[in-house]
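Q: Structure incoming, see below.
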Amino acid sequence: MKRLIEPEIMDNKQQVEAYSQADFSSSDRNMFISFENLISSIGFKICSESLIVDIGCGPGNFTEKLSQRWPCTKVIGIDGSSEMLKVARRRKLKLRAKGHCQNLEYINKNLNSFSKGKFVLAKPAEIVVSNSLLHHIHDPNQFWKAIQNIAKKGSFVFHRDLRRPVTIAEAIAIREKYQPNAPAVLARDFLASLQAAFTVDEVRQQLQEAGMCQLKVFNVDDRYLEVSGVL
């Protein structure tokens with residue numbers, strides 16, 4: 001199936017509302033388990049001096065998990081959608097009222113601001129993660145360049161994204177399997193995301209072109225791929 005790009009930034013209020021209200025707890029939990037297992041397997045340490053950056057953080061689902069798991073560590077969520085970050089910041093205020101996420105911050109910046117060096121963080125990140133962001137990016141070279149500018153040598157990176165099915169029939173079957181009762185806007189966007197996603201071989205080629213061949217890419221179940229490793 002040929003790749004069909006979709007909008008890079010989700011700023012439509014109807015889309016944002018549907019996405020922020022959807023239950024992604026199972027996939028988020030599986031991603032977090034995979035992330036923790038990987039950093040544990042290589043003995044990567046996260047401390048109070050570390051900086052964790054979640055790019056394309058959306059309403060903050062995964063960002064909040066990171067901040068609650070490592071409460072003494074600075075966590076920054078970055079997204080180009082102001083509407084998504086309105087949701088994320090409202091949720092952060094509620095969590096802070098309960099004593100959580102005191103070191104969590106959100107920044108409204110497009111990924112190109114980082115890939116082109118127009119915006120830099122106060123310090124490089126020790127960990128850079130993303131959840132379902134890569135398929136939104138029209139030029140994946142900008143994605144990997146942004147990561148190189150946000151992180152540093154020795155940083156750990158971890159990215160999970162959808163994997164493009166071979167046929168549209170397979171994509172529809174995946175949508176029906178995982179979102180049988182989803183609102184129409186969410187079901188439509190999920191199918192579009194599957195069509196916009198990359199294959200494992202395509203991501204490996206991207207990493208080779210970016211000079212990041214040390215990162216590993218592998219399939220996860222029937223719809224995801226993961227990229228991880230130390231820069």
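Q: What pairs come out if I take residues in the range 15-33 that are more than 14 Å from residue 159 (Cα to Cα) and buried (at least 16 other Cβ atoms within 10 Å of the Cβ) and pair them with residues that are charged (D, E, K, R) and modelled with pLDDT of 90 or more whose C-beta lies under 7 Å away, six or more apart or interchain?
A: Pairs that qualify, where the first residue is more than 14 Å from residue 159 (Cα to Cα) and buried (at least 16 other Cβ atoms within 10 Å of the Cβ) and the partner is charged (D, E, K, R) and modelled with pLDDT of 90 or more, are 15/189; 16/83.
Q: Now for a separate question. Exactly one of (1) within 28 Å of residue 49 (Cα to Cα); (2) of a type in the set (Phe, Trp, Tyr); (3) open to solvent by 20 Å² or more (accessible area, probe 1.4 Å) is unmet by residue 178. Its number?
A: Of (1) within 28 Å of residue 49 (Cα to Cα); (2) of a type in the set (Phe, Trp, Tyr); (3) open to solvent by 20 Å² or more (accessible area, probe 1.4 Å), only one is false for residue 178: (1).
Q: In this structure, is residue 207 in contact with a Lys or Arg (Cβ under 8 Å, 6 or more places away or on another chain) and either at pLDDT 95 or above or not charged (D, E, K, R) (or both)?
A: Spelling it out, it is not the case that residue 207 is in contact with a Lys or Arg (Cβ under 8 Å, 6 or more places away or on another chain) and either at pLDDT 95 or above or not charged (D, E, K, R) (or both).
Q: Let me ask you something else. Has the range 131-148 got at least one residue that is in contact with a Gly (Cβ under 8 Å, 6 or more places away or on another chain), on the phi < 0 side of the Ramachandran plot, polar (S, T, N, Q) and buried (at least 22 other Cβ atoms within 10 Å of the Cβ)?
A: Pass one, the range 131-148, residues in contact with a Gly (Cβ under 8 Å, 6 or more places away or on another chain): 131-133, 136.
Narrowing further to those that are on the phi < 0 side of the Ramachandran plot: 131, 133, 136.
Now drop any that are not polar (S, T, N, Q), which leaves 131.
When the remaining residues are screened for being buried (at least 22 other Cβ atoms within 10 Å of the Cβ), the result is 131.
Looking for residues that are in contact with a Gly (Cβ under 8 Å, 6 or more places away or on another chain), on the phi < 0 side of the Ramachandran plot, polar (S, T, N, Q) and buried (at least 22 other Cβ atoms within 10 Å of the Cβ), one finds at least one in the range 131-148, hence yes.
Q: Then there's this: Do we have any residue at all in the range 85-97 that's buried (at least 21 other Cβ atoms within 10 Å of the Cβ), touching a Pro at 6+ places or on another chain (Cβ under 9 Å) and either of a type in the set (Asp, Glu) or at pLDDT 95 or above (or both)?
A: The answer is yes; a qualifying residue exists.
Q: Of the numbered conditions (1) open to solvent by 70 Å² or more (accessible area, probe 1.4 Å); (2) more than 26 Å from residue 81 (Cα to Cα); (3) free of Cβ contacts under 8 Å to residues at least 24 places away in the same chain, residue 42 satisfies every one except a single condition; which is it?
A: Tallying (1) open to solvent by 70 Å² or more (accessible area, probe 1.4 Å); (2) more than 26 Å from residue 81 (Cα to Cα); (3) free of Cβ contacts under 8 Å to residues at least 24 places away in the same chain, residue 42 fails exactly one: (3).
Q: If I go through the range 160-197 residue by residue, how many of them are in a loop (DSSP other than H, G, I, E, B) and either modelled with pLDDT of 95 or more or out of contact with any Phe, Trp or Tyr (no Cβ under 6 Å at 6 or more places or on another chain) (or both)?
A: So the first thing to find is which residues in the range 160-197 are in a loop (DSSP other than H, G, I, E, B), and the list is 164-167, 179-183, 197.
With either modelled with pLDDT of 95 or more or out of contact with any Phe, Trp or Tyr (no Cβ under 6 Å at 6 or more places or on another chain) (or both) added as a condition, the list becomes 164-167, 180-183, 197.
So the answer is 9.
Q: Listed residues 68, 102; which is open to solvent by 60 Å² or more (accessible area, probe 1.4 Å) and in contact with a His (Cβ under 9 Å, 6 or more places away or on another chain)?
A: Just a single option satisfies the conditions, and that option is 68.
Q: Which one of these is buried (at least 18 other Cβ atoms within 10 Å of the Cβ), without any contact (Cβ under 8 Å) to a residue 24 or more places away in the chain and touching a Lys or Arg at 6+ places or on another chain (Cβ under 8 Å): 198, 190?
A: One residue alone meets the criteria, 190.
Q: Quickly run through the range 201-219 and pick out the residues that are exposed (fewer than 15 other Cβ atoms within 10 Å of the Cβ) and among the hydrophobic types (A, V, I, L, M, F, W, C).
A: 213, 218 - these are the residues of the range 201-219 that are exposed (fewer than 15 other Cβ atoms within 10 Å of the Cβ) and among the hydrophobic types (A, V, I, L, M, F, W, C).
Q: Could you list, in sequence order, all residues of the range 28-52 that are in a helix (DSSP H, G or I) and hydroxyl-bearing (Ser, Thr, Tyr)?
A: Within the range 28-52, 34, 40, 41 qualify.
Q: Quick one: how many residues across the range 198-217 are in contact with a strand residue (DSSP E or B) (Cβ under 6 Å, 6 or more places away or on another chain) and either in a loop (DSSP other than H, G, I, E, B) or aromatic (Phe, Trp, Tyr) (or both)?
A: 2
The values are calculated or read from the model by the stated rules, or taken from the named source; none is laboratory data. Everything numeric in this text was worked out from a predicted model, so none of it was measured. Here the Cβ is made from the backbone with ideal geometry for all residues, glycine too, and neighbour counts use every protein chain on show. What goes into the accessible areas is simple: the full protein's heavy atoms, side chains included, and nothing from ligands, DNA or RNA. Shrake-Rupley method; radii C 1.70, N 1.55, O 1.52, S 1.80 Å.
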